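K.L.:
Structure provided below as structure tokens; questions to follow.
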Amino acid sequence: MKKKEEKSMEYAIKNINYENAQDWKKVSNVINAFFNSNALFSACDLNLFKFLDNQPNCTLSNIAKGLGLSIYSTRVLMLSITNTGLVEKEGDKYCNSSAASSLLVSESPNSLLSWVKYMQLISRESIGYYTQSLKDSTNRGNGFIESQNANSIYERFDEKIEFSSMFNNAMKSLSHNLVKPLIDIPEFKNISNLIDVGGGGGEVAVTLCQNYENLNVTILDKKNTCDMALENAKKHGLSLRIQCRPVDIINSTKWIPEQESSVLMSHFISFFEPDEIRKIYTIAKQYIKNNNKLFIWDTMSNDNETGDMTASRLSMYFLNTATGRGMAYPASEHIDILKSVGYTIDTIYDVDPIEHKLIVASVK
Ligand SMILES: C[S@@+](CC[C@H](N)C(=O)[O-])C[C@H]1O[C@@H](n2cnc3c(N)ncnc32)[C@H](O)[C@@H]1O
């Protein structure tokens, strides 16, 4: 510190005013945002976070040696990744931030590495087609996964097992983290049967069963995904409480034989257009009797549709990459549709930091 002060005494440092500085910064930050995600992808590819977790307080030359990179590459890597805030530097030593330790190290139970991989290999690959998708109002971004017949990315995944398992692993790591706010919701304590529409690999069902001891879950999803969910339930000793049924939700009017149940739609309903959502909410009503509830758990935009980041990103992904329809709708739109088909709204739980809302509704 002393040296720096002395050195700065050697010459004057003067600021020059730049008239457009604020505008420049605003635009430049947006233009360059993808460099940050690329810094993250490469840091994950090179196992930087795992390395720093095993050897905190490392110098640049230790990192270079550990990762097998030149000093020059390591300087650039560490400049780019400290700029994201995911790695911190004190003196000449580098350490993982707590976010990196918790979410970006493969051994962590909360690891998001498979999601990072999915975003790199699928979302980033496809998003260059966004302008064309906007012009054609459909998903032009998934053509890089070749297919004769399929349209949505999920149908394309079904034809290519490596993509399908990449998606399922990414979803599993996301769900594992994003289900946590649901583990202490009073309305779940009073129900014994839950239909989990588009329940995926069962991560949500497993966590709910582990936390609500009276709960039995029936997962509805595609055949391959149901098989994964059954495996997952077995792995957690929950085979007796988690069942699965392969159903095409959008093309059937009765999903399972009549039963009294609550219904959960977790990260599912935003895939669809408002007319389809209306249809899905209407079909769900036939199961929701007595004190049962409909639970909608999803990313939702703010009511003004000006953000936030996840709602914006997810909506671009739906239009350009996933299905060519759907978006992160504001909660107010779900509420309007629910009321129009005969629901009353009980409670809205807001988990602002992850831009998620849980809408709890009853049938009138
Ligand atoms: C984003 S994942 C959500 C998984 C889980 N509910 C969660 O919150 O983590 C959406 C799931 O919906 C399923 N899905 C999408 N369209 C479907 C349809 N028409 N019929 C059945 N399942 C569908 C997909 O296969 C996928 O597993």
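K.L.:
What does the net charge come to around residue 298 if you take all other residues with beta carbon closer than 10 Å to its beta carbon, with K and R at +1 and D and E at -1? All intermediate terms of the calculation are to be shown ahead of the outcome.
P.N.:
Values: positive: 357; negative: 355.
Net of charged neighbours comes to 0.
K.L.:
Let me ask something else about it. Highest GNM mean-square fluctuation, the chain, Cα pairs closer than 10 Å: which of 31, 145, 153?
P.N.:
31
K.L.:
Heavy-atom accessible area of residue 309 with all protein chains present, probe 1.4 Å, nearest 10 Å²?
P.N.:
Accessible surface of residue 309 is approximately 140 Å².
K.L.:
Another question about this same structure. Taking the Cα centre of segment 250-364 as the origin and placing charges on Cβ (Lys, Arg +1; Asp, Glu -1), which of 324, 344, 261 is farthest toward the positive end of the dipole?
P.N.:
Sorting the options by dipole projection puts first 261.
K.L.:
Related question: Please report the relative contact order for segment 215-266, taking Cα pairs under 8 Å with a sequence separation of at least 6, and give it as a percent rounded to a whole number.
P.N.:
Details: 49 pairs, mean separation 20.5, N = 52.
Dividing the mean separation by the residue count of segment 215-266 yields 39 percent.
K.L.:
Taking the alpha-carbon distance from residue 235 and a cut-off under 17 Å, which lysines remain once sequence neighbours fewer than 8 residues away in the same chain are dropped?
P.N.:
Partners within reach: 172.
K.L.:
Write down the Kirkwood hydrodynamic radius of segment 1-87, to one decimal in angstroms, obtained as one divided by the mean of 1/r over all alpha carbon pairs. Could the numbers behind the result be given before it?
P.N.:
Numbers: mean 1/r = 0.0636 Å⁻¹.
When all Cα pairs of segment 1-87 are included, the Kirkwood radius is 15.7 Å.
K.L.:
How large is the Kirkwood hydrodynamic radius of segment 131-265, counting all unique pairs of alpha carbons, in Å?
P.N.:
Details: mean 1/r = 0.0617 Å⁻¹.
Kirkwood radius, segment 131-265: 16.2 Å.
K.L.:
Counting only Cα atoms, I'd like the Rg/Rh figure for segment 46-102, Kirkwood definition for Rh.
P.N.:
Details: Rg = 9.9 Å, Rh = 10.9 Å.
Here the Rg-to-Rh quotient is 0.91.
K.L.:
A further question follows. Note the angle between two axes, namely the Cα long axis of helix 223-235 and the longest principal axis of the Cα atoms of the chain, as a number of degrees from 0 to 90, rounded to the nearest 10.
P.N.:
It is inclined by approximately 80 degrees.
K.L.:
Run through all the Cα pairs of segment 246-326 and give the fraction in each 10 Å bin from 0, expressed as whole percent.
P.N.:
16, 44, 28, 12, 0
K.L.:
Relative to the first principal axis of the alpha-carbon coordinates of the chain, what is the inclination of helix 21-31, with its axis defined by its Cα atoms, in degrees from 0 to 90 and to the nearest 10?
P.N.:
Compared with the principal axis, the helix lies near 60 degrees.
K.L.:
With charges only on Cβ, +1 for K and R and -1 for D and E, what is the dipole size of segment 284-355 about its Cα centre, in debye, rounded to 20?
P.N.:
Values: 6 positive and 10 negative charges, 101 e Å.
Dipole of segment 284-355, to the nearest 20 debye: 480 debye.
K.L.:
Quick check: convex hull of the Cα atoms in segment 1-157, volume per residue, rounded to a whole Å³? Mind dumping the intermediate values first?
P.N.:
On the way: hull volume 27.2 nm³, N = 157.
Roughly 173 Å³ of hull volume per residue.
K.L.:
Calculate the translational D of segment 200-289 in whole µm² s⁻¹ from Stokes-Einstein, where the hydrodynamic radius comes from the Kirkwood formula applied to all Cα pairs, the temperature is 10 °C and the viscosity 1.306 mPa s. Present the calculation step by step, with values, prior to reporting the outcome.
P.N.:
Working: Rh = 13.7 Å.
Stokes-Einstein gives a translational diffusion coefficient of 116 µm²/s.
K.L.:
Moving on to the next point. Name the most mobile residue of 147, 114, 73, meaning the one with the largest mean-square fluctuation, in a Gaussian network model of the chain with Cα contacts below 10 Å.
P.N.:
73
K.L.:
How large is the Kirkwood hydrodynamic radius of segment 144-207, counting all unique pairs of alpha carbons, in Å? Write out the running numbers ahead of the final one.
P.N.:
Details: mean 1/r = 0.0724 Å⁻¹.
Radius from the Kirkwood sum: 13.8 Å.
K.L.:
Rg over Rh of segment 81-201, using C-alpha atoms and the Kirkwood radius, what does it come to? Mind showing how you got there, number by number?
P.N.:
On the way: Rg = 18.9 Å, Rh = 17.6 Å.
Ratio of gyration radius to Kirkwood radius for segment 81-201: 1.08.
K.L.:
If 72, 281 are ordered by their accessible area, calculated over protein heavy atoms with a 1.4 Å probe, which sequence runs from highest to lowest?
P.N.:
Numbers: 72 170, 281 0 Å².
Sorted by accessible area, descending: 72, 281.
K.L.:
Over segment 322-364, calculate the relative contact order: mean separation of alpha carbon pairs under 8 Å at least 6 apart, over the residue count, as a percent. Could you put the intermediate results ahead of the total?
P.N.:
On the way: 39 pairs, mean separation 14.3, N = 43.
In percent, rounded to a whole number, it is 33.
K.L.:
Ratio to report: Rg/Rh of segment 204-360, with Cα atoms as the point set and Rh obtained by the Kirkwood method; give two decimals.
P.N.:
Numbers: Rg = 15.9 Å, Rh = 16.6 Å.
Reported Rg/Rh (Cα atoms, Kirkwood Rh): 0.96.
K.L.:
For residue 189, list the aspartates and glutamates whose Cα falls under 13 Å from its own Cα; do not include residues on the same chain fewer than 8 positions away.
P.N.:
213
K.L.:
Let's see if you can work this out: charge +1 on each Lys and Arg Cβ, -1 on each Asp and Glu Cβ, no other charges. What is the dipole magnitude of the chain about its Cα centre, in debye to the nearest 20?
P.N.:
Numbers: 38 positive and 42 negative charges, 104 e Å.
Magnitude of the dipole: close to 500 debye.
K.L.:
Additional query: Mean-square fluctuation check for the chain, GNM, Cα pairs under 10 Å: which of 210, 148, 286 is largest?
P.N.:
So, out of 210, 148, 286, the one fluctuating most is 148.
K.L.:
Across the chain, how large is the tail of the calculated P(r) beyond 27 Å, expressed as a percent of all Cα pairs? It would help to have the intermediate numbers written out before the result.
P.N.:
Values: 36828 of 66066 pairs.
Value for the chain: 56 percent of Cα pairs lie more than 27 Å apart.
K.L.:
How much of the calculated P(r) for segment 293-364 lies past 14 Å, in percent of all Cα pairs?
P.N.:
On the way: 1517 of 2556 pairs.
Percentage above 14 Å: 59.
K.L.:
While we're looking at this one, here's another question. Could you work out the local net charge near residue 321, counting Lys and Arg as +1, Asp and Glu as -1, over the other residues with Cβ closer than 14 Å to its Cβ? Mind dumping the intermediate values first?
P.N.:
Working: positive: 124, 140, 156, 313, 325; negative: 125, 136, 155.
Residues close to residue 321 contribute a combined charge of +2.
K.L.:
If I model segment 62-130 as equal point scatterers sitting on the Cα atoms and use the Debye formula, what is log10 I(q)/I(0) at q = 0.12, 0.14, 0.19, 0.21 Å⁻¹?
P.N.:
-0.43, -0.57, -0.94, -1.04
K.L.:
A follow-up question, please. Whole angstrom only: what separates the Cα centroid of segment 11-90 from the Cα centroid of segment 225-248?
P.N.:
Computed from Cα coordinates, the inter-centre distance equals 42 Å.
The values are calculated or read from the model by the stated rules, or taken from the named source; none is laboratory data. All figures in this text were calculated on a predicted structure; none of them were measured in a lab. Quick reminder, even Gly has a Cβ in these numbers, built from the backbone with ideal geometry, and neighbours come from all protein chains shown. Each accessible area value is taken on the protein alone, full model and side chains, heavy atoms only, with ligands, DNA and RNA left out. Shrake-Rupley method; radii C 1.70, N 1.55, O 1.52, S 1.80 Å.
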